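Readers should treat all values here as calculations from the given coordinates under stated rules, not as data from a laboratory. In this text, all values refer to a predicted model and were calculated from it rather than measured experimentally. Counting neighbours? That spans all protein chains shown, and the Cβs are built from the backbone with ideal geometry, glycine included.
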Amino acid sequence: MRKISLTLLAGALSALSVCANDPMQWFQDAKLGMFVHWGLYSQTAGEWKGHPTRGGEHFMLYERIPLKEYALIANDFNPTEFDAEKWVKTAKDAGIKYIVYTTKHHDGFAMYDSKCSDYNIVKRTPYAKDPLKELAEACRKEGVKLGLYYSLGRDWEDPDVPTNWPEKAGRSNTWDFPDEDSKQLPRYIERKVKPQIKELLTNYGEIAFMWFDTPELVTETQSRELRDIIKTLQPECLINSRIGNGLGDYSIIEQKLSDKIIESPWEACITMGKNWGYNQFDTVYKAPDMLIRNLTDIVSKGGNLLLNVGPNQKGCFPEQTRPIFDAFNKWLSDNGEAIYGTRPWRVFGESVATDITEESAQTEFHDAVFDGTPKNIVPDVRYTRKNNTIYAIVRNVPSASYTLSAFSPKTDKVKSVTLLKNGNKADWRLTKDGLQINGMGSIAGNTPIYVLRVDLESDEQ
Ligand code: H79
């Protein structure tokens, strides 16, 4: 008898510890990551031979730059101000829990010390050092997790990478390697991808995520083989859906918001400016409040925000990122409890009656992308939940009194409603229409996005 209960106890304890260390749980609790796009395109910064280029970090493709010429950019790339510790501290201060670094973008240039391809930052640039080594160390020191971006189905340096989108050879290097029919994807996978993935998962300590991009023509067998390599080397490493063929651990939405709660793990990657890589003509970045709105929207629907930064030629974050990092720092210091470790509630949110007409999430997002300033802001609420606590994230609601109709007097026994950032009590009552909030103006001041903490009596969700 005694033996059985001890066994049971041991079993329960190990279940608990598995749960606490579950990387997927960690990912879903973390909510906010920083994407870093850094490569040879950061050196040219949107300009080639005195002319602005099309295609941002894709300009090699858009301008059909011969590989031999493109490779010369490396001769000038000397990011002497790169300071991994500074990158990681900036991110950490802003409430960011993980960083995803571009080890190889579509141009095929490795931004780390690769032994299996000379086309890399150590071999080809005057900098001649491995920034990933320093970044991995800084991440470990600061307790920020590290993920690695790797462009899978496109590589404009390798002769064996066919593509078929938006038409045959649509994303291939056809100017250096015109014979699309002779391209053998397996040769590229064996020669470059597998050896590089092995290096990345062997030489840099714990890698929390492998973030693939654009699987293109990668087959199910190839995706599976890559997955096996990764999970063999680092069983805890999560893989995003762009490993292809439905074999990822979490899905990706790029430059968009979701219009609904998604139950399975997901992440939205979003730029601060227009481009992913540094671009000197990309000067107007999104308003910090808009990006905080994006974060709250994403979290209310069960996702993470991977917010992108494009460091410049010298290795510094553009100055326009400063107000954004500062705003995240401030807002998350006050309101992080409503974000980290939460899950969606029964609805993601609701709009709050005013005389401004509702716009779709898409429109709101694109206004932010192309104009830089928030407009058509809809006063609304986003909800998150932790146990018996519901967080109502009140966004740009001009009125001091309003009703949150997602609450019902029949099912929700409200114990208290407080302003999260200082614990001040709100004036509230449950009516047949929902949770009525009165006179918030004087309590919340003119903070555009504030959080009400609503404690419920029992776990009825
Ligand atoms: O790495 C980032 C992008 O470079 C990559 N995925 C993210 C994470 C990506 N590859 N393809 N696409 C995105 C889709 C194509 C986007 C485009 Fe464009 C929009 C091509 C032309 C307009 C991006 C923006 C490239 C040029 C401008």
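Under 18 Å Cα-Cα from Lys192, which lysines qualify once same-chain neighbours fewer than 8 residues away are excluded? List returned: Lys104, Lys115, Lys123, Lys183. If R0 is 45 Å, the Cβ-Cβ spacing of Thr283 and Lys432 corresponds to a FRET efficiency of close to 0.30.
For the stretch 403-409, backbone phi angles converted through the Karplus equation (6.51, -1.76, 1.60; θ = phi - 60°) give residue-by-residue couplings of 10, 9, 7, 6, 8, 10, x Hz, Gly and Pro being listed as x. Phi-derived couplings, Karplus 6.51 cos²θ - 1.76 cosθ + 1.60 at θ = phi - 60°, listed residue by residue for the stretch 258-270: 8, 9, 8, 5, 10, 6, 7, x, 8, 9, 9, 9, 9 Hz, with x used for Gly and Pro.
What's the lysine pair count for the stretch 256-311 at a Cα cut-off below 18 Å, pairs eight or more apart or interchain?
Lysine pairs meeting the criterion: 5.
In what sequence, highest mean first, do 403-414, 177-188, 104-115, 153-164 appear when ranked by Cβ atoms within 10 angstrom?
The peptides rank, most packed first, as 104-115, 153-164, 403-414, 177-188.
Note on Lys415: aspartates and glutamates with a C-alpha under 14 Å away, same-chain residues under 8 apart excluded, are Asp427, Asp455, Glu457, Asp459, Glu460. Using 0.36 nm per residue and subtracting the Cα-Cα separation, the extra length available between Lys194 and Asp455 on full extension is 88.9 nm. Here the 3J(HN,Hα) profile of the stretch 311-317, calculated from phi with Karplus coefficients 6.51, -1.76 and 1.60 at θ = phi - 60°, is x, 8, 4, 8, x, 9, 6 Hz, Gly and Pro shown as x. Within straight-line reach of Lys421, meaning a Cα separation under 22 Å, sit the following lysines at least 8 residues removed in sequence or on another chain: Lys31, Lys92, Lys97, Lys330, Lys386. The tail of the calculated P(r) for the chain, taken as Cα-Cα distances beyond 28 Å, holds 55 percent of the pairs.
Taking the Cα centre of the chain as reference, the dipole from Cβ charges on Lys and Arg (+1) and Asp and Glu (-1) amounts to some 1240 debye.
Taking the DSSP beta bridges with both ends in the chain, the antiparallel portion is around 50 percent.
Let me have the 222 nm mean residue ellipticity of the chain computed from DSSP H runs of 4+ only, each contributing -39500 (n - 2.57), with the sum over all residues rounded to the nearest 500. Intermediate results must be reported in sequence, preceding the final value.
Working: 15 runs with 137 residues, N = 461.
Taking each H run of at least 4 residues, the total per residue is -8500 deg cm²/dmol.
Summarising the amide proton neighbourhood of Lys413: residues at separation of 5 or more, or on other chains, whose placed amide H is nearer than 5 Å comprise Glu457, Ser458.
Amide H contacts of Val100 (H built 1.01 Å from N, in plane; Pro and chain starts excluded): Met34, Phe35, Val36, Gly147 sit under 5 Å, all sequence-distant by 5 or more or on other chains.
Counting only alpha carbon atoms, the long axis of helix 131-142 and the longest principal axis of the chain meet at about 20°. Once backbone amide H atoms are built at 1.01 Å from N, Ile252 has Ser241, Glu267 as its partners under 5 Å, excluding neighbours fewer than 5 places away on the same chain.
Add +1 for every Lys or Arg and -1 for every Asp or Glu among the other residues with Cβ under 13 Å from the Cβ of Tyr383, and state the total.
Neighbour charge sum, excluding Tyr383 itself: +4.
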